[in-house]
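Heads up, the thing below is written out as structure tokens.
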Amino acid sequence: MPPPRICCLGAGYVGGPTMAMIAAKCPDLEVIVTDMNEARIRAWNEGPLPVYEPGLEEVVKKARGKNLRFTADVKSALQAADIIFVCVGTPTKTHGVGAGRAADLTYVEAAARMIAEVAEGAKIIVEKSTIPVRTASAMLTILRSNSKNGTFQVLSNPEFLAEGTAVADLENPDRILIGGEQTPEGRAAVEKVAAIYARWIPRDRILTTNLWSAELSKLVANAFLAQRISSINSISALCEATGADVEEVARAIGRDSRIGPKFLKASVGFGGSCFQKDILNLVYLCEHFGLPEVAAFWESVVKMNDWQKHRFSARVVRELFSTVRGKSIAVLGFAFKKDTNDTRESAAIAVCRDLIKEGARVVVYDPRVSPTQICAEVLGSEKNPNLAVATSALEACHGAHGVAVLTEWDEFKTLDFQKIHDGMQKPAFLFDGRNLLPHENLREMGFKVFAIGKPPVPSAAVS
Ligand code: NAD
Ligand code: UDX
């Protein structure tokens with residue numbers, strides 16, 4: 001049997017890196033990545049890559065031009081493929097029924113219709129996009145009622161990579177999950193896809209389930225991860241009120257093997273394209289299936305996250321003598337986490353907006369995010385002289401009344417804070433939204449330091 005030919009619809013943060021990894025690991029497989037966005041395809045071909053991920057360029061270079069191709073000719077790519085990975089976006093609906101909660105499946109449906117139109121013979125369609133449970137059923141209906149000569153198996157193979165560590169996650173995942181129809185044809189299709197991953201991932205990490213379990217597991221995994229962050233962030237507020245230190249509390253509870261140490265880092269709030277969207281999708285599903293109590297439970301995770309972001313900006317205002325009007329605040333870091341250029345739902349968006357609304361002049365510096373991107377996220381199409389973007393941290397902080405660290409970029413740990421302090425208005429305030437910096441050293445330099453879940457002045461003795 002010749003090796004299966006693979007095509008991917010969607011060359012974004014998931015489609016590009018995932019397919020590059022498959023191509024690099026399986027040199028005998030032909031992998032074609034397609035996108036309707038021609039500029040994106042051009043960037044994948046000519047660089048700079050549209051997605052910044054450590055190590056990604058090496059993986060792409062290994063296979064591009066050999067068995068990995070990027071093309072905007074979606075239809076030809078689909079025609080040639082045996083296995084089609086659907087990696088298109090599934091944002092939150094912005095209008096109509098379920099607006100603000102339900103997943104917008106426009107791109108998924110368009111993908112299914114496009115596949116049906118051109119498909120000849122047997123095709124395996126793999127849902128890699130994160131979708132509501134039972135989407136496979138809708139896809140199958142669309143495929144089967146629109147195709148003349150195609151036969152289809154739809155599988156769910158959700159992607160668990162995290163941005164910033166995508167290459168490492170793809171190379172060495174905790175697990176691969178593949179759900180399929182519980183029929184001989186469904187099991188055969190699952191095995192075909194499992195065999196691809198088995199080229200570099202041990203078989204015992206490849207889990208197979210029914211379709212609905214695989215679809216739902218993705219939403220649940222993200223909901224559980226985000227829940228841990230909201231839980232520790234809720235405790236960060238209590239720590240600030242009582243003198244406990246959230247990092248010490250996280251360390252203490254994380255040593256319980258039933259709780260575990262990961263995802264207990266208190267922060268200015270989680271961001272990214274997935275957590276909020278996927279929880280809201282889960283909330284919508286619970287409501288749809290008549291489970292309002294379950295919906296309310298999960299919705300509280302998002303509410304707590306929103307509260308944490310605004311709590312941070314409110315603290316900046318409060319500590320700066322209750323007014324930031326006319327004051328300059330340097331924002332260090334705009335990406336939703338380090339090692340990515342992605343800004344979707346970044347906590348920095350909410351904080352910048354809050355501060356600008358209070359009349360502050362906000363000067364942002366991020367090592368990977370472009371000024372255009374920063375302005376578009378904060379202001380949309382409007383213009384506002386109170387938002388500026390600097391080309392270095394030092395420049396952003398010059399003349400500032402306060403500095404807010406919102407992304408945990410490694411380079412911020414090596415900054416010359418004495419020089420930064422010298423150039424700032426006094427008293428110089430520093431708000432560490434990531435608990436990244438050495439607070440005691442900064443206090444010795446003269447900074448007034450405020451951090452997440454930490455007492456403003458550590459108390460040595462009980463009073
Ligand atoms: P993205 O917006 O970066 O990329 C999606 C791409 O699909 C876009 O470039 C768009 O032009 C393209 N597209 C849309 N319709 C198309 C069609 N019919 N044919 C060809 N191309 C089409 O999105 P992303 O971050 O890569 O996420 C994709 C999916 O993966 C989402 O469902 C998301 O929830 C899920 N996911 C994302 C991550 C992540 O870290 N970003 C992780 C796991 C899962
Ligand atoms: C997440 C999931 O981790 C991944 O499995 C899924 O496939 C996509 O969604 P991602 O959003 O890329 O990945 O990054 P992640 O590392 O999960 O971080 C999400 C947000 O939570 C970031 O803003 C991060 O800074 C924040 N975070 C994470 C915390 O505030 N504290 C933590 O302890 C961990």
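Of note:
- Per-residue ³J(HN,Hα) for the range 332-348, Karplus 6.51 cos²θ - 1.76 cosθ + 1.60, θ = phi - 60°, Hz, x for Gly and Pro: 9, x, 10, 4, 6, 7, 6, 6, 9, 9, 7, 10, 4, 6, 4, 4, 4
- Distance between the range 245-321 and the range 408-463 - C-alpha centres, whole angstrom: 24
- Inter-centroid distance (Cα atoms) of the range 5-41 relative to the range 82-152, Å: 18
- Taking every protein chain into account, the accessible area of the range 307-420 amounts to 43 square angstrom per residue (probe 1.4 Å).
- Charged side chains reduced to their Cβ positions (Lys and Arg at +1, Asp and Glu at -1) give the range 284-353 a dipole of some 560 debye around its Cα centre.
- Near the amide H of residue 448, within less than 5 Å, lie the amide hydrogens of 428, 429, 430, all on another chain or at least 5 residues away, with H placed in the peptide plane.
- Residue 336 contributes about 30 Å² of solvent-accessible surface, heavy atoms of the protein only, 1.4 Å probe.
- Computed from phi, the 3J(HN,Hα) profile of the range 128-136 under the Karplus parametrisation 6.51, -1.76, 1.60 (θ = phi - 60°) reads 10, 4, 7, 9, x, 4, 5, 5, 4 Hz, with x in place of Gly and Pro.
- Of the trypsin sites (Lys or Arg not before Pro) found in the range 219-260, those in coil by DSSP whose Cβ has at most 11 other Cβ atoms within 10 Å are 255, 258.
- Across the range 357-364, coupling constants 3J(HN,Hα) worked out from phi with the 6.51/-1.76/1.60 Karplus curve, θ = phi - 60°, read 4, 7, x, 6, 9, 9, 10, 9 Hz, and Gly and Pro carry x.
- Placing R0 at 45 angstrom, the Cβ-Cβ distance between residue 1 and residue 291 gives a FRET efficiency of 0.50 after rounding to 0.05.
- Once backbone amide H atoms are built at 1.01 Å from N, residue 400 has 425 as its partners under 5 Å, excluding neighbours fewer than 5 places away on the same chain.
- Portion, in percent, of the accessible area of the chain that falls on carbon or sulfur, probe 1.4 Å: 54
- Amide H contacts under 5 Å for residue 151, placed H, 5+ residues apart: 121, 122, 123
- Toward the positive end of the charge dipole of the chain, with +1 on the Cβ of Lys and Arg and -1 on the Cβ of Asp and Glu, the farthest Cα among 210, 78, 407 is that of 407.
- Entries of 309/454; 123/277; 413/454; 262/327; 262/338 with Cα pairs more than 27 Å apart: 123/277; 262/327
- Of the trypsin sites (Lys or Arg not before Pro) in the range 291-354, the ones in a loop by DSSP (not H, G, I, E or B) with at most 13 other beta carbons within 10 Å are 325.
- Qualifying trypsin sites (Lys or Arg not before Pro) in the range 359-453, where qualification requires a DSSP coil assignment and no more than 11 other C-beta atoms within 10 Å, comprise 383.
- Order of exposure, largest accessible area first, which applies to 114, 36, 424 with probe 1.4 Å: 36, 114, 424
The values are calculated or read from the model by the stated rules, or taken from the named source; none is laboratory data. None of these values were measured; they are calculated from a predicted model. Counting neighbours? That spans all protein chains shown, and the Cβs are built from the backbone with ideal geometry, glycine included. In case anyone asks, the SASA skips ligands and DNA or RNA and just uses the protein heavy atoms, side chains included. Shrake-Rupley method; radii C 1.70, N 1.55, O 1.52, S 1.80 Å.
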